Amino acid sequence: MEKPLTKYITPGSPPPDLKEYSRIGGYASAHKALKEMSPAEITSLVKASNLLGRGGAGFPTGLKWSFVPMGENSPKPKYLICNADEMEPGTFKDRYLMEGNPHQLIEGMIISSYAIQAEKAYIFIRWAYKKAEKELRKALAEAYAAGYLGKNILGSGFDLDIYIHSSAGRYICGEETALFNSLEGKRAIPRTKPPFAAISGLFGKPTIVNNVETLVWIPHIIERGAEWFKNLSMTGAGGTKLYGVSGRVKNPGLWELPLGTTLREVIEEHAGGMLDGYKFRGVIPGGISTDFMLEKHMDVNMDFSNVGAVGSRLGTGTMIILDDKTCPVAFIHNIEKFFALESCGWCTPCREGLAWVEKLLASIEEGTGKMEYLDILKFHTKYLCFGNTFCAHAPGAAEPLQSGLEYFHDDFVQHINGKKCPWRS
């Protein structure tokens, strides 16, 4: 099967410059979109393709675009933001795309901006992605020089400027309204919804936020159509997916596979299975804000609907393996410590609740925990869920905790009764 996202990316090699990218068909879709298609036609095509957002939520991209007010009397300027912050631990797919082919992202942003008539676009990139930022800046300079950015792009009458904003390194900026505040020079905290971003986002203007992996699909869908894209997947959702695996496997890495590839194939075939001397106990399937999956879930199709049906989320599709020689309590404690540290402190349940969760887990891991702590932790998984917090930060933290308490209950009890961590010598 042809792999449209990565077929021009050779790991370890420099990314294609504008001349090479154009030679292999780069910016042909931009020409087609801006010269032959209306914004409405582009949005309809993306909607028909069933492109689901690859940032974690899986929301239909074309549907999101359709919420933007259009027409001469619509608010201006409009904004497109590429979320390239990738602060989700265990996730590294977007870095690969930006370092490997930055022009592909820029072309996707040009077409997407045209579709919503955005005059300005931002790449909100993780501060640590120095190489990716360097390659993006080089590619942006080439795109401006060639007339793909700036005024009257390709004679279409459409103007677009793309800016790179290096983030300050806060996980909360994965929440789009906190990202807006950060871009505006304010404290990175979430905003009240409604109004929603498509109506009032950055600087109070209509704004669309899409992930890197989502945006790089747009040129390919323009070039080959909705049915081609849908046929790439193994289930009803369209396209391929970048799946990653880290942990004690023989071949940790990242692979582009049909969306809906089974968990077993990703881990056993592509990641090579577990290292000799280690056994599989569980996996966080899509960054640390997702519920554990177990051996019994190995034949689940890894797409948004099927993973959701077994009580987890596909998320970013980048998996972290838990093996039989790693303490699950310590594993979960490390996750919750991260979430507690990264809480923006804006709402009480998140600010106070996650700190309390972290302290209880630390006590259990150190051997000073009590059995009633398990009930308190279970209470927090309900108290920190959607509807009780200002944004999805705390509910995301609750997911690995709630499934961990269920699946590894005996390990928690063993810590408490034995007054020590069994994995420590």
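The values are calculated or read from the model by the stated rules, or taken from the named source; none is laboratory data. This one's a predicted model, so the numbers in the text were calculated from it and none came from an experiment. A quick note on method: Cβ atoms are made from the backbone with ideal geometry, for glycine too, and the neighbour counts reach across all protein chains shown.
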Exercise for the section: Run down LEU314, LEU322 and say which single residue is in a strand (DSSP E or B) and within 30 Å of THR235 (Cα to Cα). Expected result: LEU322
Exercise for the section: State whether the residues of segment 137-152 include one that is touching a residue at least 40 places away in the same chain (Cβ under 8 Å), touching a Cys at 6+ places or on another chain (Cβ under 6 Å), in the same structural domain as SER38 (by TED's automatic domain parsing) and closer than 26 Å to GLY71 by Cα. Expected result: no
Practice task
Report, by residue number, each residue of segment 192-201 that is surrounded by fewer than 24 Cβ atoms within 10 Å (Cβ to Cβ) and either closer than 17 Å to CYS82 by Cβ or under 20 Å from the mean Cα position of the chain (by Cα) (or both).
Solution key: PHE196, ALA198
Problem - Failed criterion for GLN117 (all others in (1) at pLDDT 95 or above; (2) in contact with a strand residue (DSSP E or B) (Cβ under 7 Å, 6 or more places away or on another chain); (3) not aromatic (Phe, Trp, Tyr) hold) - result: (2)
Practice task
Scan segment 408-425 for residues that are polar (S, T, N, Q) and not in a helix (DSSP H, G or I) and jot them down.
Solution key: SER425
Practice task
Consider ALA132 carefully, then state whether it is on the phi < 0 side of the Ramachandran plot, surrounded by fewer than 13 Cβ atoms within 10 Å (Cβ to Cβ), modelled with pLDDT of 95 or more and in a helix (DSSP H, G or I).
Solution key: no
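PHE390 - would you say it is exposed (fewer than 15 other Cβ atoms within 10 Å of the Cβ) and modelled with pLDDT under 95? First the steps, then the outcome.
On the way: exposed (fewer than 15 other Cβ atoms within 10 Å of the Cβ): no; modelled with pLDDT under 95: yes.
Spelling it out, it is not the case that PHE390 is exposed (fewer than 15 other Cβ atoms within 10 Å of the Cβ) and modelled with pLDDT under 95.
Mind counting the residues in segment 325-340 that are farther than 17 Å from GLU406 by Cα and either in the same structural domain as ARG54 (by TED's automatic domain parsing) or surrounded by fewer than 23 Cβ atoms within 10 Å (Cβ to Cβ) (or both)? Walk me through it before giving the result.
So the first thing to find is which residues in segment 325-340 are farther than 17 Å from GLU406 by Cα, and the list is 325-326, 334, 337-340.
From what's left, either in the same structural domain as ARG54 (by TED's automatic domain parsing) or surrounded by fewer than 23 Cβ atoms within 10 Å (Cβ to Cβ) (or both): 325-326, 334, 337-338, 340.
Going through segment 325-340 one residue at a time, the tally reaches 6.
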Handout entry: Lone unmet requirement of (1) buried (at least 19 other Cβ atoms within 10 Å of the Cβ); (2) touching a residue at least 24 places away in the same chain (Cβ under 8 Å); (3) closer than 25 Å to SER49 by Cβ for TRP255
Key = (2)
Completion exercise
Among (1) part of a loop (DSSP other than H, G, I, E, B); (2) crowded, with 23+ Cβ neighbours inside 10 Å; (3) not polar (S, T, N, Q), ALA168 falls short only on (2)
Practice task
Kindly check whether there is at least one residue in segment 371-386 that is in a loop (DSSP other than H, G, I, E, B), assigned by TED's automatic domain parsing to the domain that holds SER403 and basic (Lys, Arg).
Solution key: no
Exercise for the section: Inspect all residues belonging to segment 367-389 and state whether any of them is under 25 Å from the mean Cα position of the chain (by Cα), touching a residue at least 40 places away in the same chain (Cβ under 8 Å) and on the phi < 0 side of the Ramachandran plot. Expected result: yes
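Before we move on, is GLU86 among the charged types (D, E, K, R), under 14 Å from the mean Cα position of the chain (by Cα) and modelled with pLDDT under 95? Give the derivation first.
Details: among the charged types (D, E, K, R): yes; under 14 Å from the mean Cα position of the chain (by Cα): yes; modelled with pLDDT under 95: yes.
Yes; evaluated as a whole, the condition is true for this residue.
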Completion exercise
With the first residue restricted to segment 268-286 and required to be within 17 Å of PHE408 (Cα to Cα) and modelled with pLDDT of 95 or more, and the second required to be in a helix (DSSP H, G or I) and hydrophobic (A, V, I, L, M, F, W, C), Cβ contacts under 7 Å at 6 or more apart or on different chains are PRO285/VAL307
Handout entry: Answer residue from segment 226-263, given it is over 20 Å from the mean Cα position of the chain (by Cα) and basic (Lys, Arg) and is nearest to ASN306 (Cα to Cα) among those
Key = LYS230
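Restricting attention to segment 214-221, does a residue exist that is in contact (Cβ under 8 Å) with a residue 60 or more places away in the chain, assigned to a loop (DSSP other than H, G, I, E, B), of a type in the set (Val, Ile, Thr) and surrounded by fewer than 22 Cβ atoms within 10 Å (Cβ to Cβ)? Outline the logic, then answer.
The first filter runs over segment 214-221 and keeps only residues in contact (Cβ under 8 Å) with a residue 60 or more places away in the chain, leaving 214-221.
Adding the requirement that they be assigned to a loop (DSSP other than H, G, I, E, B) leaves 216-217.
This time we only want the ones that are of a type in the set (Val, Ile, Thr), so: 216.
If we keep only those that are surrounded by fewer than 22 Cβ atoms within 10 Å (Cβ to Cβ) as well, we get none.
No: zero hits.
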Completion exercise
ALA188: passes all of (1) modelled with pLDDT under 95; (2) surrounded by fewer than 19 Cβ atoms within 10 Å (Cβ to Cβ); (3) of a type in the set (A, V, I, L, M, F, W, C) but (2)
Problem - Hits in segment 44-65 - residues which are β-branched (Val, Ile, Thr) and in contact with a strand residue (DSSP E or B) (Cβ under 7 Å, 6 or more places away or on another chain) - result: THR61
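Can you confirm whether ALA84 is within 20 Å of ILE218 (Cα to Cα) and surrounded by 23 or more Cβ atoms within 10 Å (Cβ to Cβ)? Talk me through it step by step, then tell me what you get.
Numbers: within 20 Å of ILE218 (Cα to Cα): yes; surrounded by 23 or more Cβ atoms within 10 Å (Cβ to Cβ): yes.
Yes; evaluated as a whole, the condition is true for this residue.
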Problem - Answer from SER29, SER112, SER66, SER44 - the residue that is under 23 Å from SER182 (Cα atoms), surrounded by 15 or more Cβ atoms within 10 Å (Cβ to Cβ), of a type outside the set (A, V, I, L, M, F, W, C) and at pLDDT 95 or above - result: SER112
